[in-house]
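For reference, the structure is listed below as structure tokens.
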Amino acid sequence: MTAIPLGVPEVPVRPIAERRVSRRIQVGPVAVGGGAPVSVQSMTTTRTSDIGATLQQIAELTASGCQIVRVACPTQDDADALATIARKSQIPVIADIHFQPKYVFAAIEAGCAAVRVNPGNIKQFDDRVKEIAQAAKDHGTPIRIGVNAGSLDRRLLQKYGKATPEALVESALWEASLFEEHDFRDIKISVKHNDPVVMIEAYRQLAEQCDYPLHLGVTEAGPAFQGTIKSAVAFGALLSRGIGDTIRVSLSAPPAEEVKVGIQILESLGLRQRRLEIVSCPSCGRAQVDVYKLADEVTAGLEGMEVPLRVAVMGCVVNGPGEAREADLGVASGNGKGQIFVKGEVIKTVPESKIVETLIEEAMKLAEQMEQDGMGSGEPAVTVS
């Protein structure tokens, strides 16, 4: 039987929304705001004073796709370690400062790519803004004003009764205005809350009232599953309106997991070129193969692939052929065998026991060809159903 070469239609990728117009800052080599791509951040969990452990975790985060990393600086030992970490890190380092304004100056002097300050819990912070602004300006160091629901200034809690969107926004804009008085506008702002609904409204209001780039985050989002859902919902709601310039998924999980979730959110919204994408069905009574097992084995076999490849693993004859045909590579399974599709054409039919092996072989061929064609920096996609 001769296969009909239907081919894969080229569908133009359209942005999910026009990006909010914001000023641009530079966090080391990473551009933030002003139309620059949305970047993914995370934070180390090591003691910053343990330079070796911190640099090792930064290397792991870099390998997972993290673009900017934040390190805590609660002690003088941590501050003393910043210069070495900032110099040896493969990605820009942001120092996270709470309580002590002296560590802001230490971080700037150490050459950190940016400094995050929490105005709600730094003593006498407002009185030191002039000095901080001058030091940051002299060194070309951006400042992130990071407002958190859990550490909101007492004055605002008394005014609003709790950490409302309005309270978070007022805190951020007040601090930004103090820097503006000293002609410093190299600023990024975040207004984080653990409730996605409050967080979304706070960023919506903030986006309307300033042109600073915004760092998105649902703070204390929870364990991996819950935190992933909350972050995906909140980021999706904001990014689909063009709001957001950097993101951090806050999970009670290893930092590299935060990065993986953040990257997947951006890819799902079309804000980052996709890498390996696996499209698979949830299975149903029509399935004649173990779709879950096939999907897991194909995913494991293609882990680490860095080309924009979509692989479809389908388990029935209803949607299977159509999904497999529209992917770069796919299988439509049934009756103990699978039809293998490459770029819309059936190239062979194999026994069920050979499906995974065949898909991996064909994926490697496609990846090699894509790399030769200059698409190696892209992101692959796999479909399983």
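The values are calculated or read from the model by the stated rules, or taken from the named source; none is laboratory data. If you're wondering where the values come from, they're calculated on a predicted model, not measured in any experiment. Reconstructed Cβ throughout: ideal geometry from the backbone, glycine too, with neighbour counts over all protein chains shown. Each accessible area value is taken on the protein alone, full model and side chains, heavy atoms only, with ligands, DNA and RNA left out. Shrake-Rupley method; radii C 1.70, N 1.55, O 1.52, S 1.80 Å.
Can you work out the accessible area per residue across the range 128-255, with the rest of the protein chains kept in place, probe 1.4 Å, in square angstrom?
For the range 128-255, the per-residue accessible area is 40 Å².
Would you work out the relative contact order for the range 165-297, in percent, from Cα pairs under 8 angstrom that are 6 or more residues apart?
That works out to 18 percent.
Please report, in debye to the nearest 20, how large the charge dipole of the range 78-171 is about its Cα centre when each Lys and Arg carries +1 at its beta carbon and each Asp and Glu carries -1 there.
Values: 13 positive and 11 negative charges, 24 e Å.
Roughly 120 debye, rounded to the nearest 20.
Counting only heavy atoms of the protein chains, get the accessible area per residue of the range 19-115 (1.4 Å probe) and round it to a whole Å² value.
I get 40 Å² per residue for the range 19-115.
Test of understanding: what is the full-extension gain from Arg47 to Arg23, defined as 0.36 nm times their sequence separation minus their Cα-Cα distance?
Here the answer is 5.3 nm.
Kindly flag which residue pairs out of Lys137/Lys230; Lys230/Lys365; Lys162/Lys230; Lys260/Lys348; Lys102/Lys188 have an alpha-carbon separation exceeding 30 Å in this structure.
Over 30 Å apart, Cα to Cα: Lys137/Lys230; Lys230/Lys365; Lys260/Lys348.
How much of the accessible area of the chain, probe 1.4 Å, is carbon plus sulfur, in whole percent?
Here carbon and sulfur together make up 51 percent of the probe-accessible area.
Divide by every residue of the chain the summed helix terms, -39500 (n - 2.57) for each DSSP H run of at least 4, and state the resulting mean residue ellipticity at 222 nm, rounded to the nearest 500 deg cm²/dmol. Don't jump to the answer; show the numbers that get you there.
Working: 12 runs with 154 residues, N = 385.
Taken over the chain, the calculation gives -12500 deg cm²/dmol.
Describe numerically, in nm with one decimal, the distance between label points set 7 Å from Cα along Cα→Cβ at Glu131 and at Ala31.
Going by the 7 Å Cα→Cβ label model, 3.6 nm.
Per q in 0.11, 0.17, 0.28 1/Å, what log10 I(q)/I(0) does a Debye calculation on the alpha-carbon atoms of the range 97-166 return?
Rounded to two decimals, the profile gives -0.29, -0.62, -1.24.
Tell me, what does the Kirkwood hydrodynamic radius of the range 89-221 come to in angstroms if you use every pair of distinct C-alpha atoms?
Value: 14.8 Å, from the Cα pair sum.
Which one of Gly222, Gly304, Gly262 has the biggest mean-square fluctuation once the chain is modelled by GNM with Cα springs under 10 Å?
Greatest mean-square fluctuation among the candidates belongs to Gly304.
Solvent-accessible area per residue for the range 276-373 at a 1.4 Å probe radius, Å²?
Values: 4840 Å² over 98 residues.
Normalised by residue count, the accessible surface of the range 276-373 is 49 Å².
What residue among Gly111, Gly146, Gly336 shows peak mean-square fluctuation when the chain is described by a Gaussian network model with Cα springs under 10 Å?
Ranking Gly111, Gly146, Gly336 by mean-square fluctuation puts Gly336 first.
I'm checking a number: the convex hull volume of the Cα atoms of the range 276-373, normalised per residue, in Å³. What is it?
Roughly 80 Å³ of hull volume per residue.
For Ala83 and Thr299, FRET efficiency with R0 = 30 Å and r from the beta-carbon atoms, rounded to 0.05?
According to the calculation, E is roughly 0.15.
Taking a cut-off of 12 Å between Cα atoms, list the aspartates and glutamates near Lys293, but don't count ones fewer than 8 places away on the same chain.
Cα-Cα hits under 12 Å: Glu352.
If we count every other residue with Cβ under 12 angstrom of Ala172's Cβ, Lys/Arg +1 and Asp/Glu -1, where does the sum land?
-1
What Kirkwood hydrodynamic radius, in Å, does the range 25-269 give when the mean of 1/r is taken over all pairs of distinct Cα atoms and then inverted?
17.7 Å
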